[in-house]
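Got a structure for you, written out below as structure tokens; questions coming shortly.
The values are calculated or read from the model by the stated rules, or taken from the named source; none is laboratory data. It should be emphasised that the depicted structure is a prediction, and the values quoted were computed from it without experimental measurement. Counting neighbours? That spans all protein chains shown, and the Cβs are built from the backbone with ideal geometry, glycine included. Surface accessibility is based on the protein's heavy atoms, side chains included, excluding ligands, DNA and RNA. Shrake-Rupley method; radii C 1.70, N 1.55, O 1.52, S 1.80 Å.
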Amino acid sequence: MLFNGIDFDTYFKYYPNQEGYFGRYGGVYVDDELKAAMAEITEAYFTICKSRKFIAELRRIRKEFQGRPTPISHLERLSNKLGNVQLYVKREDLNHTGAHKLNHCMGEALLAKYMGKKKVIAETGAGQHGVALATAAAYFGLECDIYMGSVDIKKQAPNVARMKILGANVIEVTEGLATLKEAVDAAFAAYAHEYKDAIYCIGSVLGPHPFPMMVRDFQHVVGEEAREQFIEMTGELPDAIVACVGGGSNAAGFFSGFLNDPVKIYGIEPLGRGEKLGDHAASLKYGTEGIMHGFNSIMLKDENGEPAPVYSVASGLDYPSSGPEHAFLRDLGRVQYDVINDEETIDAFFTLSRMEGIIPAIESAHAVAYGMKLAKTMGTGSVLINLSGRGDKDMDYVLENYGIR
């Protein structure tokens, strides 16, 4: 399919380019020493990503350890309540550890073993990436350091406990707002001193090349499965697909299966408490071009041009930028990026739980809320939502702050 001059038949062959750019977004903006480390990772990845042995091992892990493929569920009761549009969800909440994050963590840890590294380092916000990487480290016998803001440690206590049980060293970050951005800062700083023996396993399609590409490639399994399953279930493609976007790993993998199809694609950012800077984390809607954490993308900036403070009810979405591929797809117009606020999210959290017996992660509830809103405007058709994670981690926080609705 040709879209605004881009041939999506060959899209993955040319994007990113050899320097790691999606159009003008991406790249490697780190010091020379870390550039050498990124080049080492890139070379190792391109060496093994086409290897029959690596691919076979990853497929075996997905089937025997992760429980893939995850299914698609038809939300029949919710669909009937909303009208004639049929809603479906891709059940990444049923992937081992409860979210999509394990898809790239197992791949990154397998790469670390191939490179002879002894430790994996990462940041986490909602804790799902931290749990997934701690799981992968335990599986492969690697040391694991997880950096997490003190605010998120309090909000996501169940996931902190899981990481510790799995043997990870959870390092509290207290600087700044003490959320995801600061956790990334701390993890990058640690990696700069340990890159010879460790690999930084970035938790989204962020950071310097090759991570936006590599994480997308490992998450591509979500979109690949979803497309095949939906056609098998219904005999056709969905009219629209929806996923939440913070850094954007679940969305990048999900969207990648449908970019070459006549399907409308929606990426949903957190509007939080409103449009005022500091009350949301909707970088693609309200941000401008800028560089942070080693890559060029769209980011929210303060009056000094520095990353602005951000907020979201979802710890995994409160990041002041988004992956460079999302910025590129936004500029192309191939993906429409929109927002959902906290109230709409919490309403969707309870609605899906009560009507379908599925408790979603708060991050995923943003996509559910938008899918519900979209269904009311369409009249007929189908919407496939990526349910990127389950809400076990969020239940205490929701009950404490919102009560039972």
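Can you tell me the relative contact order of the chain? Whole percent, Cα pairs under 8 Å, sequence separation 6 or more.
Working: 882 pairs, mean separation 82.0, N = 405.
The normalised contact order for the chain reaches 20 percent.
Please give the calculated 222 nm ellipticity per residue for the chain, where each DSSP H segment of at least 4 residues contributes -39500 (n - 2.57) and the sum is spread over every residue; nearest 500 deg cm²/dmol?
Value at 222 nm, helices only, nearest 500: -13500 deg cm²/dmol.
Peptides 71-81, 314-324, 212-222: what's the order by average Cβ count within 10 Å, highest mean first?
314-324, 212-222, 71-81
Could you tally the net charge around Gly176, taking each other residue with its Cβ under 9 Å from the Cβ of Gly176, Lys/Arg +1 and Asp/Glu -1? Don't skip to the end; give the middle numbers.
On the way: positive: Lys181; negative: Glu175, Glu182, Asp185.
Net of charged neighbours comes to -2.
Continuing with this model, one more query. Spin-label point model (7 Å from Cα, Cβ direction): what's the Asn84 to Asn4 distance in nm?
3.1
Next question. If you take the square roots of the eigenvalues of the alpha-carbon gyration tensor of the stretch 313-405 and sort them as a ≥ b ≥ c, do you get rounded (a/c under 1.5), prolate (a/b over b/c) or oblate? Let's see the in-between values first.
On the way: a/c = 2.28, a/b = 1.33, b/c = 1.71.
Taking the square roots of the gyration eigenvalues as a ≥ b ≥ c, the stretch 313-405 is oblate.
Relative contact order for the stretch 311-405: what percent, with Cα pairs under 8 Å and sequence separation of 6 or more? Before the final figure, lay out the partial values.
Details: 80 pairs, mean separation 22.8, N = 95.
Averaging sequence separation for qualifying contacts and normalising by length gives 24 percent for the stretch 311-405.
Students often get this wrong, so check it: of Lys119/Lys301; Lys101/Lys264; Lys63/Lys117, which have C-alpha atoms separated by over 29 Å? Each step should come with its number before you reach the end.
Working: Lys119/Lys301 33 Å; Lys101/Lys264 24 Å; Lys63/Lys117 25 Å.
Where the Cα-Cα span goes over 29 Å, the pairs concerned are Lys119/Lys301.
Give the long-range amide H neighbours of Asn341: residues separated by 5 or more places, or on another chain, with amide H under 5 Å away, using H modelled in the peptide plane at 1.01 Å from N.
Correct list: Leu271.
Still on this structure: Show which aspartates and glutamates lie in cross-link reach of Lys81 when reach means a straight Cα distance below 18 angstrom and same-chain residues fewer than eight apart are skipped.
Glu344, Asp347, Glu356
I need the Kirkwood Rh of the stretch 93-168: take the reciprocal of the average 1/r across all distinct C-alpha pairs and report it in angstrom. Write down the numbers at each step before the final one.
On the way: mean 1/r = 0.0824 Å⁻¹.
It works out to 12.1 Å.
Summing +1 for each Lys or Arg and -1 for each Asp or Glu, what net charge is found among the other residues whose Cβ lies under 14 Å from the Cβ of Gly5?
-2
Ordering Asp279, Asp392, Asp145, Asp197 by accessible area with a probe of 1.4 Å, largest first, what comes out? Present the calculation step by step, with values, prior to reporting the outcome.
Values: Asp279 40, Asp392 60, Asp145 15, Asp197 95 Å².
Most to least solvent-accessible, the answer reads Asp197, Asp392, Asp279, Asp145.
Next question. Give me the one-decimal nm value for the distance between modelled label points at Thr288 and Tyr139, 7 Å along each residue's Cα-to-Cβ direction.
Those two pseudo-labels are separated by 4.3 nm.
First select every other residue whose beta carbon is under 15 angstrom from the beta carbon of Asn80; then total the charges, Lys and Arg +1, Asp and Glu -1.
Values: positive: Arg77, Lys81, Arg354, Lys376; negative: Glu76, Glu356.
Charge balance in the 15 Å sphere: +2.
Compute the Cα gyration tensor for the chain, then decide on rounded, prolate or oblate, letting a ≥ b ≥ c be the square roots of its eigenvalues: rounded whenever a/c is under 1.5, prolate when a/b is larger than b/c in the other cases, and oblate in all that remain. Don't skip to the answer; put the middle values down first.
Numbers: a/c = 1.33, a/b = 1.22, b/c = 1.09.
Taking the square roots of the gyration eigenvalues as a ≥ b ≥ c, the chain is rounded.
So what's the gap between the Cα centers of the stretch 299-317 and the stretch 1-16, to the nearest angstrom?
If we compute the Cα centre of each part, the gap is 31 Å.
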